1. Average the reciprocal distances over every distinct pair of alpha-carbons in the stretch 179-276, invert the result, and give the Kirkwood radius in Å.
2. Relative to the longest principal axis of the chain, what angle (0 to 90°, nearest 10) does the C-alpha long axis of helix 164-173 take?
3. Quote to one decimal, in nm, the extra length available between residue 10 and residue 250 on full extension: 0.36 nm per residue of separation minus the C-alpha distance between them.
4. Per DSSP H run of n ≥ 4, the term is -39500 (n - 2.57); total these for the chain, divide by its residue number, and report the mean residue ellipticity at 222 nm rounded to 500 deg cm²/dmol.
5. Arranged by the count of other C-beta atoms within 10 angstrom, fewest first, what order do 137, 228, 144 take?
6. Rg to Rh for the stretch 114-271: what is it, with Cα atoms only and Rh by Kirkwood?
7. Got a sec? How would 189, 31, 244 order by Cβ neighbour count within 10 Å, fewest to most?
8. What three numbers, in Å, describe the spread of the alpha carbons of the stretch 1-132 along their principal axes, ordered from the longest?
């Protein structure tokens, strides 16, 4: 398996594992991780010995989305993303692939094993997996609006998977409330809560091995059929959502949120704008 700076990619029998490996930063997305994820997904997709993929994190977090301190160091999300080295597959397309398996056209079954805090952009991985498990102490929170960012791609991706009211509460309350693993199971965000938490990887591996016993081609075709049926209209919604995200990169709150986070102070938001 290829080595990575921010990820661990390994195979356990028929099961490929993609593990976020920035525990000191709560497995947040650095630019390095954003550049490595498409390569990792491609590696796992093209490995014929991998039948099923599990994603999880090292340390006390699953994934907490964009590295806000890194955003602050560049000034804004837009300034930071301008430094991203685009994958060769995206050159000339006018678009950038997202971070999750669906956005990277992974048609092998994918299980998310949420081992701890899942925040902000980390929700993309839960939204784009096929089955999600959560450790009993795991929590879910969408922090975008609390740091001056637009909550668009994650709620859009979760739409239809989570009841609308719960989805909007997650998006609008921001960092001020966390959803428990039990509540996530009650609303269908995850299909199983694993207790004790130490059994999470073992449980995910066992489930993946059950799935791996089935026809690989039938699994991929079945997944493709169901996702395509679910996504009628989703692609257009994500495109518009990305436009909103990018248009907000020049808004003063987009700079103020990361700056306040890095300085450990309360943000001073700009007055509401009719533009947004």
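Every read-out reported here was derived from the displayed coordinates using simple, explicitly stated rules and does not represent laboratory data. No experiment lies behind these values; they were computed from the predicted model shown. Note that we place each Cβ from the backbone using ideal geometry, even for glycine, and neighbour counts take in every protein chain shown.
1. On the way: mean 1/r = 0.0541 Å⁻¹.
18.5 Å is the Kirkwood radius here.
2. Between helix and principal axis, roughly 50 degrees.
3. On the way: separation 240, 0.36 × 240 = 86.40 nm, distance 3.94 nm.
Result: 82.5 nm gained on full extension.
4. Working: 11 runs with 110 residues, N = 276.
So the calculated ellipticity at 222 nm is -11500 deg cm²/dmol.
5. Going from least to most buried by this count: 228, 137, 144.
6. On the way: Rg = 17.7 Å, Rh = 17.3 Å.
Taking Rg over the Kirkwood Rh, I get 1.02.
7. Working: 189 25, 31 17, 244 14.
Sorted ascending by nearby Cβ count, the order is 244, 31, 189.
8. Result, largest extent first: 44, 37, 26 Å.
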